[in-house]
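Asks: Submitted below is the structure of interest, expressed as structure tokens.
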Amino acid sequence: MAHEIIVEKPRLRYFRIRNYRSCQYTELTPREGLSALIGKNSSGKTNLLNAVLLLKRIGEAQLHGHQPYERDLTPIFITTHVSLPNGALVKYRARVFCSTDESNRDDVRRVDEHWLIAESKSRSSWQAVPPQLVHMMTHSIRDRIAHGDWERFDNLERRYLIRHLKITPKVILDIDKVKTYFGSMKYYSASQFTNPSSCPIHFEIDGEGKLQYPHKHRSPHDRLAYDIFRLGKTNPIAYERFMSTIGKEGIGLVDSIQFPQQSLPSSSLEVRTGAKVVKKKSQKRIVIPQFRIHGTTLSTNQLSEGTLKALGLTFYLMTDDSPLLLLEEPEVCVHHGLLKSIMEIIKTYSTRKQIIITTHSDYLLNQLDPEAVFIVRHEKRKGTIAKSVPDSMSRNSYAALKDYLAEEGGLGNFWKHGALGND
């Protein structure tokens with residue numbers, strides 16, 4: 001069944017990266033909705049997802065300030081195009097210097113970035129717009145545009161924006177939208193929810209229902225049960241939609257989820273002026289998630305890996321408001337029967353947000369159109385190469401593939417038998 005794409009958020013139209021791990025010169029033109037990367041191990045699929053995630057890392061580094069960097073770091077070059085719901089196409093390029101920490105996470109040390117300002121066919125140029133300027137000006141411009149008094153900008157602001165940078169308030173706002181888009185993308189790895197023993201059997205909340213010690217609960221395993229609990233308190237309609245999806249009337253993942261609570265008396269000391277010590281009493285609560293499955297009550301750390309993986313993927317697919325989700329191997333630990341349901345959920349929500357997945361599953365691939373699939377290869381001189389199925393085949397071969405899909409089987413079966421090149 002075809003899914004109509006609803007474009008209400010920015011979309012990544014084009015991405016190119018040079019000198020990043022196996023991506024020596026790699027291009028990707030993802031679909032508006034769902035794109036799937038397939039290929040052999042070590043072809044560079046995960047590297048390509050991490051390359052896209054660098055756009056988020058850049059924003060984080062700018063927010064917290066750049067750290068000193070070693071001068072022998074090799075620069076990484078990124079070019080990307082993002083379309084906005086207002087019809088604007090914003091082009092961005094950056095030279096990035098980054099190192100990799102012990103957990104294989106990219107640590108951006110420095111970035112030089114430029115934006116292509118194209119407000120009309122007669123005027124377009126690459127401009128270096130300082131991120132600090134965008135941050136400072138955005139709220140001021142929004143407020144003044146809302147009140148229709150852009151002309152009240154003082155001469156210094158107008159001279160710097162219009163005369164020096166040759167940009168208007170609209171451009172500043174569009175750049176801010178793209179930077180917000182970069183910062184809000186999410187990445188879910190193949191192993192993100194595959195170790196139930198890492199899940200806590202309870203969590204502690206304060207009187208307002210907020211998670212205690214949030215700095216200790218940053219891992220996905222720590223947050224999942226709390227996020228489900230919090231959704232039930234803050235958005236009952238979305239919670240009921242989620243529960244009906246995973247419950248008996250949906251994919252049958254669980255019968256029900258309960259969150260019984262136990263109160264704990266607590267006190268703290270506050271030292272005030274004059275060396276006065278005041279003892280404060282507060283009420284804390286422990287929340288104990290309980291999953292009812294086939295008549296048995298289980299704690300979070302007793303769930304099977306497949307149940308936990310499917311639970312996490314389904315929850316964040318349905319509730320994560322990010323405009324771009326990067327999912328690595330959603331089939332890991334998930335049975336084929338359940339994988340079909342997960343894939344339908346992915347396809348459904350790809351109408352509202354852009355989703356890029358990697359996969360080794362021919363079963364999953366059978367549910368996709370060839371135009372949504374990109375074959376990833378590693379070539380000795382060029383590194384990681386990603387081409388859509390139509391672009392990677394001759395016209396006659398692609399016509400034969402279409403005939404095969406119409407009369408005999410799915411794309412996964414075609415791929416399984418080595419009919420998509422050497423993959």
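The values are calculated or read from the model by the stated rules, or taken from the named source; none is laboratory data. Worth saying up front: this structure is predicted, and the values here are computed from it rather than measured. Glycine gets a Cβ as well: all are built from the backbone with ideal geometry, and neighbour counts include every protein chain shown.
Asks: Collect the residues in segment 373-398 that are part of a helix (DSSP H, G or I) and surrounded by 22 or more Cβ atoms within 10 Å (Cβ to Cβ), keeping them in residue-number order.
Replies: Result: VAL389, single match.
Asks: Which of the following residues is at pLDDT 75 or above and over 18 Å from MET185 (Cα atoms): LEU73, LEU49?
Replies: LEU73
Asks: Select from segment 322-372 the residues that are surrounded by fewer than 18 Cβ atoms within 10 Å (Cβ to Cβ) and among the aliphatic types (A, V, I, L, M) and list them in ascending order.
Replies: none
Asks: Could you tell me whether ARG395 is assigned by TED's automatic domain parsing to the domain that holds VAL82 and over 26 Å from LEU84 (Cα atoms)?
Replies: When the stated conditions are applied, ARG395 passes them.
Asks: Quick one: which residue in LYS309, LYS284 is in contact with a Pro (Cβ under 9 Å, 6 or more places away or on another chain), modelled with pLDDT under 95, of a type in the set (Lys, Arg) and part of a helix (DSSP H, G or I)?
Replies: The match here is LYS309.
Asks: Could you list all residues from segment 399-412 that are in a helix (DSSP H, G or I) and within 30 Å of the chain's Cα centre (by Cα)?
Replies: Within segment 399-412, LEU411, GLY412 meet the criteria.
Asks: Output the residue which, of all residues in segment 18-54 that are of a type in the set (Ser, Thr, Tyr) and outside any loop (DSSP other than H, G, I, E, B), is nearest to TRP415 (Cα to Cα).
Replies: My answer is SER35.
Asks: Just one of GLU270, GLU249, GLU240 is acidic (Asp, Glu) and either modelled with pLDDT of 95 or more or in a helix (DSSP H, G or I) (or both); which is it?
Replies: Only one candidate passes the filter, namely GLU240.
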